[in-house]
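A short reminder: the numbers here are calculations on the coordinates, not readings from a lab. All values derive from a computational prediction rather than experimental measurement. With ideal geometry, Cβ positions are generated from the backbone for all residues, glycine too; neighbour counts draw on all protein chains shown.
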Amino acid sequence: MKFTETKLKGCFILEPNVIGDKRGYFMESFNEITFSKGIGQEIHFVQDNQSFSSKGVLRGLHYQTGEHAQAKLVRVLQGEVLDIAVDLRPNSPTFGQYESIILSAENQKQFFVPKGFAHGFLVISETATFFYKCDNFYNKESEGGIIYNDTRLNIDWNFHESELIISEKDKVLPSLENAKKVW
């Protein structure tokens, strides 16, 4: 597995070794020892989540706060998404900056989003099955979010806004300036 740290310290792109032949392919998608060495810290995942969405569905930008903050390892099992991580760590030199990556069933890339980041994704294929591991359990009282089109973040979703499908809950998320603090 190849680990590449992004411009946002602690965020990593993972590229597995895919062994393919006429029968199909095999890959190791997660190995705790390899993962810990690759990102330079131990993470213990406690919850797996999966969603299925249609083209244009935008989920995010979400995060958990305080003791319920979550690190996530995300990937796409079917289809293709534009995945976004936003640095919300108050003392980080990259606070308010984001990283984007195309994740797909074809490229098999994964994205590690550490605690202190908001996360979201946009489905750019007809449908997508999205899968992620979390190192902390979901806690409703600790959920936070930032509106997808916050002008301070200026995220390039590369999709016409009129074609976005967004939940009512996500449509009314606050700006970065007014969002809950992560710690």
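Residues checked against (1) in contact with a Lys or Arg (Cβ under 7 Å, 6 or more places away or on another chain); (2) within 23 Å of residue 182 (Cβ to Cβ); (3) not polar (S, T, N, Q):
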{"site": "1", "(1), (2), (3)": "no, no, yes"}
{"site": "5", "(1), (2), (3)": "no, yes, yes"}
{"site": "22", "(1), (2), (3)": "no, no, yes"}
{"site": "25", "(1), (2), (3)": "no, no, yes"}
{"site": "31", "(1), (2), (3)": "no, no, no"}
{"site": "37", "(1), (2), (3)": "no, no, yes"}
{"site": "44", "(1), (2), (3)": "no, yes, yes"}
{"site": "50", "(1), (2), (3)": "no, no, no"}
{"site": "54", "(1), (2), (3)": "no, no, no"}
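Could you tell me whether region 114-122 includes any residue that is closer than 19 Å to residue 83 by Cβ, of a type in the set (Lys, Arg) and either in a strand (DSSP E or B) or in contact with a Leu (Cβ under 6 Å, 6 or more places away or on another chain) (or both)?
In the first step, residues of region 114-122 are kept if they are closer than 19 Å to residue 83 by Cβ; the result is 114-122.
The next check asks that each one be of a type in the set (Lys, Arg); those that pass are 115.
Applying the additional criterion that residues be either in a strand (DSSP E or B) or in contact with a Leu (Cβ under 6 Å, 6 or more places away or on another chain) (or both) yields none.
No, there is no match, as no residue in region 114-122 is closer than 19 Å to residue 83 by Cβ, of a type in the set (Lys, Arg) and either in a strand (DSSP E or B) or in contact with a Leu (Cβ under 6 Å, 6 or more places away or on another chain) (or both).
Conditions (1) among the aliphatic types (A, V, I, L, M); (2) surrounded by fewer than 16 Cβ atoms within 10 Å (Cβ to Cβ); (3) out of contact with any helix residue (DSSP H, G or I) (no Cβ under 8 Å at 6 or more places or on another chain); (4) free of Cβ contacts under 8 Å to residues at least 40 places away in the same chain, marked per residue:
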| position | (1), (2), (3), (4) |
| --- | --- |
| 118 | yes, no, yes, no |
| 121 | no, no, yes, no |
| 136 | no, no, no, no |
| 155 | yes, no, yes, no |
| 158 | no, yes, yes, no |
| 165 | yes, yes, yes, no |
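Restricting attention to region 151-169, which residues are out of contact with any strand residue (DSSP E or B) (no Cβ under 7 Å at 6 or more places or on another chain) and not in a loop (DSSP other than H, G, I, E, B)? Working first, answer last.
We begin by selecting, within region 151-169, every residue out of contact with any strand residue (DSSP E or B) (no Cβ under 7 Å at 6 or more places or on another chain); these are 151-152, 154, 156, 160-163, 167-169.
Result: 161, 162, 163, 168, 169.
Can you list residue pairs whose Cβ atoms sit under 6 Å apart, with the first residue in region 1-12 being touching a residue at least 40 places away in the same chain (Cβ under 8 Å) and the second being part of a loop (DSSP other than H, G, I, E, B)? Count only pairs 6 or more apart in sequence or on different chains.
Listed pairs, sorted by first residue: 8/94; 10/114.
Inspect all residues belonging to region 53-68 and state whether any of them is loosely packed, with under 13 Cβ neighbours inside 10 Å and either over 13 Å from residue 133 (Cβ atoms) or in contact (Cβ under 8 Å) with a residue 24 or more places away in the chain (or both). Lay out the reasoning, then the answer.
Initial filter on region 53-68 (loosely packed, with under 13 Cβ neighbours inside 10 Å): 54, 67.
Of the ones still in play, those that are also either over 13 Å from residue 133 (Cβ atoms) or in contact (Cβ under 8 Å) with a residue 24 or more places away in the chain (or both) are 54, 67.
So far as region 53-68 goes, yes, one or more of its residues are loosely packed, with under 13 Cβ neighbours inside 10 Å and either over 13 Å from residue 133 (Cβ atoms) or in contact (Cβ under 8 Å) with a residue 24 or more places away in the chain (or both).
For residues in region 7-42 being part of a loop (DSSP other than H, G, I, E, B) and in contact with a Phe, Trp or Tyr (Cβ under 7 Å, 6 or more places away or on another chain), which is farthest from residue 157 (Cα to Cα)?
So the first thing to find is which residues in region 7-42 are part of a loop (DSSP other than H, G, I, E, B), and the list is 7-11, 16-18, 22-23, 27-31, 40-42.
Now restrict to residues that are in contact with a Phe, Trp or Tyr (Cβ under 7 Å, 6 or more places away or on another chain): 11, 18.
Values: 11: 19, 18: 29 Å.
Once the filter is applied, the top-ranked residue is 18.
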